Amino acid sequence: MILIQTLDSPIGPLTAAERAGRICLVHFGADGPGIDGMLERWYPGEPRARRPLPAVSALLARYFEGAIGALDTVAVELNGTPFQKKTWQALRRIPAGSTISYAELAKRIGEPRAVRAVGAANGANPVAVIVPCHRVIGSDGTMTGYGGGLDRKQWLLAHEGVVSRTLF
């Protein structure tokens with residue numbers, strides 16, 4: 001059973017899904033048909049229910065209230081290619097309050113020439129905020145594309161205490 005809930009946050013509504021005690025989706029925006037489509041691709045035929053997710057709500061609330069490390073050890077279930085999963089696992093090792101470049105992330109996963117592929121994997125991240133793709137910036141220190149929009153990326157980085165000429 002996949003449980004789904006839309007939560008309010010300082011960066012707008014987030015739709016979260018949990019399966020077998022692990023978070024499998026955090027999506028920017030309210031629940032809608034696209035959520036069911038994604039989950040059906042990942043888990044064909046598995047039942048879904050809209051129910052409160054108190055543990056997920058509490059974790060995200062702690063993060064947004066200032067406990068920026070609250071999401072570091074949250075159990076997630078990642079759905080993607082082996083390359084995407086390797087990239088997303090490396091993202092989870094970027095400490096809150098810090099950033100790295102796409103090129104550095106590519107090096108960390110042992111694929112130094114796969115900078116664009118790392119960027120594409122970031123864009124396909126199914127568990128936004130918890131898998132912190134917002135912590136990846138351009139090699140020159142500038143903010144680059146973000147699936148949730150650059151305004152959200154800027155907010156998340158500032159919330160985590162990242163001070164950069166590109167944020168303000």
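Values as computed for the structure displayed
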quantity	calculated
Partners for Lys107 among lysines (Cα-Cα distance below 18 Å; same-chain residues under 8 apart left out)	Lys85, Lys86
Of all accessible heavy-atom area on the stretch 107-168, the percent that carbon and sulfur account for (1.4 Å)	52
Per-residue ³J(HN,Hα) for the stretch 78-87, Karplus 6.51 cos²θ - 1.76 cosθ + 1.60, θ = phi - 60°, Hz, x for Gly and Pro	9, 10, x, 6, x, 5, 4, 4, 4, 5
Computed [θ] at 222 nm, deg cm²/dmol, the chain (DSSP H ≥ 4; -39,500 (n - 2.57); rounded to nearest 500)	-10000 deg cm²/dmol
Portion, in percent, of the accessible area of the stretch 47-95 that falls on carbon or sulfur, probe 1.4 Å	59
Per residue, in Å², the accessible surface of the chain once ligands and nucleic acids are set aside, probe 1.4 Å	47
Ser139 paired with Arg92, simple spin-label distance in nm, labels 7 Å along Cα-to-beta-carbon	2.9
Histogram of C-alpha separations across the stretch 109-168, 5 Å bin width, %	4, 18, 30, 25, 15, 8, 1
R0 of 22 Å, Cβ-Cβ distance Asp151-Met1: FRET efficiency to nearest 0.05	0.05
Angle in degrees between helix 33-42 and the longest Cα principal axis of the chain, rounded to the nearest 10	80
Relative contact order, percent, the chain [alpha-carbon distance under 8 Å, six or more residues apart]	21
Distribution of pairwise C-alpha distances over the stretch 78-140, 5 Å bins, in %	4, 22, 36, 27, 11, 1, 0
Rg/Rh (Cα only; Kirkwood hydrodynamic radius) as it applies to the stretch 51-92	1.07
Value in Å of the Kirkwood radius, where the chain supplies the Cα pairs that are averaged	16.2
Surface/4 estimate of mean projected area, convex hull on alpha-carbon atoms of the stretch 1-50, nm²	3.2
Translational diffusion of the stretch 1-99, µm² s⁻¹ [Kirkwood Rh, Cα pairs; Stokes-Einstein; 25 °C; 0.890 mPa s]	171
³J(HN,Hα), Karplus 6.51/-1.76/1.60, whole Hz, each residue of the stretch 89-106, x for Gly, Pro	5, 5, 4, 5, 8, 7, x, 4, x, 9, 9, 9, 8, 4, 5, 5, 5, 4
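The values are calculated or read from the model by the stated rules, or taken from the named source; none is laboratory data. Predicted model, so just to flag it, every value in this text is computed and none were measured. Positions of Cβ are generated from backbone atoms using ideal geometry, with glycine treated the same way; all protein chains shown enter the neighbour counts. Surface areas here come from the heavy atoms of the whole protein model, side chains and all, with no ligands, DNA or RNA. Shrake-Rupley method; radii C 1.70, N 1.55, O 1.52, S 1.80 Å.
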